[in-house]
Amino acid sequence: MFNDPILYAYPPVHYHQYPIHPYHYAPYWAWDRNFPPVNSKMLSTSVVASEHLLKDASFLVKKLTDPVVAKQLMTNAQNGNQKEVDRIVHSFGYESAIETSYSPSAVQFVLGPPKNGNQCCRVTLMLKWGE
């Protein structure tokens, strides 16, 4: 009822008083599109590094399929023993830097390049382990 076109004149009566906004000339995403030329070198570097990170993530998942390791990790996380959780995760022997965080319902692993490597990419792996 309130947006009935019969009730409102379109365009508004005062419409001719204002210049046309640039929004009406081109789509918003076409405004000011002065981007540098595309260089895929950094993307290629990130892809190569992410392949290594994904291999390490796969290796981490395979290690966690062992019930003994999984129970140790979960027990120490439940007790809030972050140092022991980090020791268990780092004892798997991979090259990536890893940050571990957890909650009662999930554990999150963020794998990145080694500290002295090119910081181009990260892989985040979240596994549910509770309700």
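What the table below lists for this structure:
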item: Check on ASN3, at pLDDT below 90 and under 32 Å from the mean Cα position of the chain (by Cα); result: no
item: Any hit, the range 30-39, residues being over 30 Å from ASN116 (Cα atoms), modelled with pLDDT of 70 or more and out of contact with any strand residue (DSSP E or B) (no Cβ under 8 Å at 6 or more places or on another chain); result: yes
item: Residue in the range 70-81 that is in contact with a helix residue (DSSP H, G or I) (Cβ under 8 Å, 6 or more places away or on another chain), closer than 29 Å to LYS41 by Cβ and of a type in the set (A, V, I, L, M, F, W, C) present; result: no
item: Positions within the range 117-128 being in contact with a helix residue (DSSP H, G or I) (Cβ under 7 Å, 6 or more places away or on another chain) and at pLDDT below 85, in sequence order; result: ASN118, CYS120
item: Selection from the range 117-131 of residues that are in contact (Cβ under 8 Å) with a residue 12 or more places away in the chain, in a loop (DSSP other than H, G, I, E, B), touching a strand residue (DSSP E or B) at 6+ places or on another chain (Cβ under 9 Å) and loosely packed, with under 14 Cβ neighbours inside 10 Å; result: GLY117, GLY130
item: Those residues of the range 55-75 which are in contact (Cβ under 8 Å) with a residue 12 or more places away in the chain and among the acidic types (Asp, Glu), in sequence order; result: ASP56
item: The range 105-116: number of residues that are out of contact with any helix residue (DSSP H, G or I) (no Cβ under 8 Å at 6 or more places or on another chain) and either under 26 Å from GLN78 (Cα atoms) or among the hydroxyl-bearing types (Ser, Thr, Tyr) (or both); result: 4
item: Qualifying residue in the range 122-129 (condition: touching a Gly at 6+ places or on another chain (Cβ under 6 Å) and charged (D, E, K, R)); result: yes
item: Any hit, the range 107-115, residues being among the basic types (Lys, Arg), surrounded by fewer than 18 Cβ atoms within 10 Å (Cβ to Cβ) and modelled with pLDDT of 90 or more; result: no
item: Candidate set from the range 95-116 (those that are touching a strand residue (DSSP E or B) at 6+ places or on another chain (Cβ under 8 Å) and outside any strand (DSSP E or B)); member that is farthest from THR65 (Cα to Cα); result: LYS115
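Yes/no per residue for (1) over 30 Å from MET126 (Cα atoms); (2) modelled with pLDDT of 90 or more; (3) in a helix (DSSP H, G or I):
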site: HIS16; (1), (2), (3): yes, no, yes
site: TYR23; (1), (2), (3): yes, no, yes
site: THR45; (1), (2), (3): no, no, yes
site: LEU54; (1), (2), (3): no, yes, yes
site: PHE59; (1), (2), (3): no, yes, yes
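The values are calculated or read from the model by the stated rules, or taken from the named source; none is laboratory data. Keep in mind the model is a prediction, meaning the values are calculated, not measured. Methodologically, a virtual Cβ is constructed for each residue, glycine included, from the backbone with ideal geometry; neighbour enumeration extends over all protein chains shown.
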